[in-house]
Amino acid sequence: MNQKVDNLITVLDAGSAKSVVLVAELLDGVLRYRGHGVERSKGMRKGLIAELGPAAEAINRAALTAERVAKAGIETCVVGIGGSHVRGINSRGGISMGNRMREITREEVKAAVDRARSVALPPDREVLHLLPQEFILDDQPGIHDPLGMVGNRLEVNLHLSTCSGGVAQSVITCANRAGLEVLDTVFEGIASAEAVLSADERELGVCLADIGASTTELAVFFEGAIAHTAVLPIGGDHFTNDLAVGLQVTVEEAEYLKRTFGHSVVTAVPQLNEIEVGGNLATGSLGGGGQSARMVRQRFLAEILEPRARELFTMLRDNLRNGGVLEALGAGCVFTGGGAHLAGLLDNAESLLRVPARIGFPVPLSRMPQELAQPEFATAIGMLLYTHRTQVRRASEEQGLRAKLKAIFAGSF
């Protein structure tokens, strides 16, 4: 029987293609890999849970595998939230502290943030994250931490990441059915950014695009703070389905052909190259409704994939322009997620967005298997890093509060 270990952090990434449970332990302030489990997702449709039972069963199997590898019991987890229901909005608010200048304490910061977050949201919307972009003290902008400063009026520009309350609760219910208590939720786009972006990129301005199976999640940073979040309704499965229809093969074989021979730039594929399709090479059995294998031009795959890639990046460009951040990408775009593997994507992105682009590989954890150092695991690894950083910040705040209370009581005697 696996024993419970107190210093473990467990995260759950329940995506359209796969469910990942990843476990790390915290030793001397450093995260170290302990175990993981991966199962093909079931009961999912277009990034959302359509059937609770099969979805919970896949999560449970992934959790059991992670427990076995980690040799420790798992009872709690942090869950990733993604999908087209996630939306980001910017807000501004502040407080006046009277005519006399006062020192900014944590209470004033909280009051300013509360004022900025008091925007009208539909009844079904929930706030995932409150992310301060900058504080403004007496009309002085660009302040990241106003604690200890002195002024009369404190304002804050705030980014709110919101989601559908019903969809988020479905994910939590699935985790509960799989035997996991959910401690917190994280927008998957922000989690992926935690794993693949550098501090310089966040400062110069960068767009992180996590291309999942059903959707592409965006997180834009500028001057070190979050500036924009959004979700686009196109993911890797759309490319696969286009191939399945165009080549008249099964979805499984289309996925294999996309990964092995796919390219999203037609002119990059030699004209005379031919490949065999219709024999379901991925499984070794006849596919496409029992059709026999046939030869097709490899360039035909690119002719199917390139329009979808250009649609994705046109949608991305329009979303960034509407969000007012297209001109703020000094460090360009970083693409991660399983869909980022498709050859030629960077060429399409650079030609349409007019900024440099790269593939984002997650920062490896200590003792982590090499198989996890891939874009498709950026969300899970980023959730671990995000959770660790959040725990450290909360512990620091609690320690500061305890020290303040101790000083108050010490002065009373």
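Each value in this text was obtained by applying a stated rule to the coordinates, not by laboratory testing. Because the structure is predicted, anything quoted here is derived from the model rather than measured. Every residue, glycine among them, receives a Cβ derived from its backbone with ideal geometry; neighbour counts consider all protein chains shown.
Of 240, 336, 173, the sequence from fewest to most neighbouring Cβ atoms within 10 angstrom is 173, 240, 336. Return the FRET efficiency for the residue pair residue 203, residue 293: r is the Cβ-Cβ distance, R0 is 41 Å, and the value is rounded to the nearest 0.05. Efficiency computed from Cβ-Cβ geometry: 0.20. Working from Cα pairs under 8 Å separated by at least six residues, relative contact order for region 1-118 is 24 percent. Among the helices of the chain, those built from whole DSSP H runs whose Cα atoms reach 20 Å or more along their own axis and whose mean Kyte-Doolittle hydropathy is at least -1.0 are 52-70, 298-322, 378-410. When each of the peptides 254-260, 294-300 is scored by the mean number of other C-beta atoms lying within 10 Å of its residues, the order from highest to lowest reads 254-260, 294-300.
Amide H contacts of residue 225: none lie under 5 Å away among residues 5 or more positions distant or on a separate chain (H built 1.01 Å from N in the peptide plane; Pro and chain starts excluded). Which values of log₁₀ I(q)/I(0), to two decimal places, follow from the Debye formula for the chain at q = 0.06, 0.10, 0.11 Å⁻¹ with a uniform point scatterer at every Cα? Listed by q, the Debye log ratios stand at -0.28, -0.75, -0.89. The DSSP beta bridges internal to region 95-233 are antiparallel in roughly 100% of cases. Computed about the Cα centre, the dipole magnitude for region 1-53 is approximately 320 debye when only Lys and Arg (+1) and Asp and Glu (-1) carry charge, each at its Cβ. Across the options 154, 360, 270, the greatest Cα extent toward the positive end of the charge dipole of the chain (unit charges at beta carbon of Lys, Arg, Asp, Glu) belongs to 154.
The convex hull built on the alpha-carbon positions of region 87-161 has an orientation-averaged projected area of 5.0 nm². Sequence-ordered 3J(HN,Hα) estimates for region 149-155 from the Karplus curve with 6.51, -1.76 and 1.60 and θ = phi - 60° stand at 6, 10, x, 9, 9, 10, 10 Hz, glycine and proline given as x. Per-residue 3J(HN,Hα) values for region 362-377, derived from phi via the Karplus relation 6.51 cos²θ - 1.76 cosθ + 1.60 with θ = phi - 60°, read x, 5, x, 7, 4, 6, 6, x, 4, 5, 8, 7, 10, x, 5, 10 Hz in sequence order (x marks Gly and Pro).
When both bridge partners sit in the chain, DSSP labels roughly 80% of those beta bridges antiparallel. Convex hull volume per residue, computed on the Cα atoms of region 299-398, equals 132 Å³.
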